[in-house]
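The values are calculated or read from the model by the stated rules, or taken from the named source; none is laboratory data. Given the structure is predicted, the values throughout are model-derived calculations rather than measurements. Here the Cβ positions follow ideal geometry from the backbone for every residue, glycine too, while neighbour counts run over all protein chains shown. Calculation scope for accessible area: heavy atoms of the full protein, side chains included, ligands and nucleic acids excluded. Shrake-Rupley method; radii C 1.70, N 1.55, O 1.52, S 1.80 Å.
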Amino acid sequence: MSQKNNTTNIAIIGAGASGLFCALCLAKKGFLVTVFEKNNKPGKKLAATGNGKCNISNTNISLANYFSSNPSFSKYALEHFGFEKFSKFCDEIGLNLTTNENGKTYPSSLQASSVVEILYQEALFYGAIFHFSTYIEDLTFEKKAKIIAHNTQYEFDKVILATGSIAMEKLGGTNSGYELAKKLGHSIIEPFPSLVQLTSHNKEIHFLSGVKTEVAITIFINNQRSKSIEGDILFTNYGVSGNAILDLSREANQAMLEGSYVDIVVDLFPQNDKNKLLALLEKKKKALPNRPKEFLLLSLINSKLIDFIFKKAKIDPNKITTDHLDKKDLQSLTYALKSIKIEIDGSKGFENAEVVAGGVNVDEIDPKTMESKLQSGLYFCGEVIDVDGDCGGYNLHWAWASGYILASSMS
Ligand SMILES: Cc1cc2nc3c(=O)[nH]c(=O)nc-3n(C[C@H](O)[C@H](O)[C@H](O)COP(=O)(O)OP(=O)(O)OC[C@H]3O[C@@H](n4cnc5c(N)ncnc54)[C@H](O)[C@@H]3O)c2cc1C
């Protein structure tokens, strides 16, 4: 237990990733910290991150991995609390890390629950006080900040909104942070789901449900090529999922929000250009005369995709064997393998999104202190702010960096 040496009384609303981290940093500095959490325990969403393994950060933290209506807002926090500083901080609190070849970093235990436990126990050790099952309904500022929960009023010198976003209500996602900020004069950049599965009415795709494969995907907005990405895709009975899809979902959802049409084109053979792939099919046809035509694709692609590709290529169903296929058929197959077009008509929404884009307008927040420019004594950290990141540990890193910068600036 630490000796309190700072009489500034600080409330943090939300004991999620950013609230826990910020509570620990402030309590370590000797502030009086009280955390209010509507769930009955800390870090419910944090405990579910990275499929329970917690992709806690990334060795390649860069501004380019973050999005906001003002993209340079997070520059200061990311430069002053990059991966190295985070890693050093983790050493100090006994949180061991392991990094894979892509820079994705996890707790060595590969257990998100161990991250929650360390942050919570360390914050307690340094004297932070926690109130669970306590939903903050209102927040006003007069001489002091007044927060209201269950008809009880508490007074503080400063209040930090670490309420997160509306992503995944079942894990604590709520729009209450936006509502509290709005009441205090802040504007909200319209939230929309990011890192989320995309839906398509293409019935033929639904029949491929369960097929997961490595591909390249190009996204087209109003028929204009926008961005290409490599990774995995999972076909589902509502559309598409998988890492590559989650990574493209922000761009797709933003475009749909603006009324644009979105298509994706899936290339099952990103490593082979059309000529190489055609040569491969020709070689296989030569090596396998008079065999069922499906043998041409067997072992090349997931077997559940074979009939789909023959249909896509419009190969005459009366052509039964490899001998029946002519050069034009092989060209059509090549095209079908490299360009499966899927119309996107929506996403699986906030309730399935890992992250929300949009939030409290960053032009109203000081990037070096995270203090509101509109209400002195009011601060923000984490996903409630209009900053979101790519898949790969970037969103949790934002929770750590924004919480750390806020705490370091406070005196
Ligand atoms: C399934 C899933 C997997 C993810 N995996 C990863 C990953 O591996 N790596 C990564 O970088 N990111 C991941 N993310 C994103 C990451 O979890 C979030 O970006 C991060 O948790 C945001 O931290 P936060 O503190 O802003 O919000 P949260 O962690 O959501 O915490 C906000 C807290 O505030 C509480 N709260 C809200 N309003 C009130 C109120 N009025 N009164 C009291 N309490 C309130 C909520 O109950 C919640 O506990 C994942 C997200 C999900 C949903």
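Counting only residues that are closer than 19 Å to residue 42 by Cβ and either within 14 Å of the ligand (Cβ to nearest atom) or without any contact (Cβ under 8 Å) to a residue 12 or more places away in the chain (or both), the range 91-108 holds 1 of them.
Out of 179, 190, one residue alone is among the acidic types (Asp, Glu) and either crowded, with 17+ Cβ neighbours inside 10 Å or not in a helix (DSSP H, G or I) (or both). It is 190. For the range 235-271, filtering for residues that are touching a residue at least 24 places away in the same chain (Cβ under 8 Å) and either over 21 Å from the mean Cα position of the chain (by Cα) or part of a strand (DSSP E or B) (or both) leaves 16. The residue that is surrounded by the fewest Cβ atoms within 10 Å (Cβ to Cβ), among those in the range 153-171 that are under 16 Å from residue 371 (Cβ atoms) and charged (D, E, K, R), is 157.
Table: residues versus (1) under 27 Å from residue 29 (Cβ atoms); (2) among the aromatic types (Phe, Trp, Tyr).
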site	(1), (2)
44	yes, no
51	no, no
54	yes, no
66	yes, yes
85	yes, no
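Condition check ((1) hydrophobic (A, V, I, L, M, F, W, C); (2) within 9 Å of the ligand (Cβ to nearest atom); (3) open to solvent by 40 Å² or more (accessible area, probe 1.4 Å)) across all residues:
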{"residue": "17", "(1), (2), (3)": "yes, yes, no"}
{"residue": "20", "(1), (2), (3)": "yes, yes, no"}
{"residue": "26", "(1), (2), (3)": "yes, no, no"}
{"residue": "43", "(1), (2), (3)": "no, yes, no"}
{"residue": "55", "(1), (2), (3)": "no, yes, no"}
{"residue": "65", "(1), (2), (3)": "no, no, no"}
{"residue": "78", "(1), (2), (3)": "yes, no, no"}
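Quick one: count up the residues across the range 313-351 that are in contact (Cβ under 8 Å) with a residue 40 or more places away in the chain and either open to solvent by less than 70 Å² (accessible area, probe 1.4 Å) or part of a loop (DSSP other than H, G, I, E, B) (or both). Summing the residues that are in contact (Cβ under 8 Å) with a residue 40 or more places away in the chain and either open to solvent by less than 70 Å² (accessible area, probe 1.4 Å) or part of a loop (DSSP other than H, G, I, E, B) (or both) in the range 313-351 gives 17.
Here are some conditions: (1) in contact (Cβ under 8 Å) with a residue 24 or more places away in the chain; (2) in a strand (DSSP E or B); (3) open to solvent by less than 50 Å² (accessible area, probe 1.4 Å). Residue 230 meets all but one. Which one does it not meet? All conditions are met except number (3). Only residues that are open to solvent by 60 Å² or more (accessible area, probe 1.4 Å) and either in contact with a Phe, Trp or Tyr (Cβ under 7 Å, 6 or more places away or on another chain) or at pLDDT 95 or above (or both) were counted across the range 132-152, and they come to 4.
Just one of 260, 249 is open to solvent by 10 Å² or more (accessible area, probe 1.4 Å) and hydroxyl-bearing (Ser, Thr, Tyr); which is it?
Values: 249 fails: open to solvent by 10 Å² or more (accessible area, probe 1.4 Å).
Residue meeting the stated conditions: 260.
Scanning the range 37-50 for residues that are touching a helix residue (DSSP H, G or I) at 6+ places or on another chain (Cβ under 9 Å) and farther than 19 Å from residue 95 by Cα turns up 37, 38, 39, 41.
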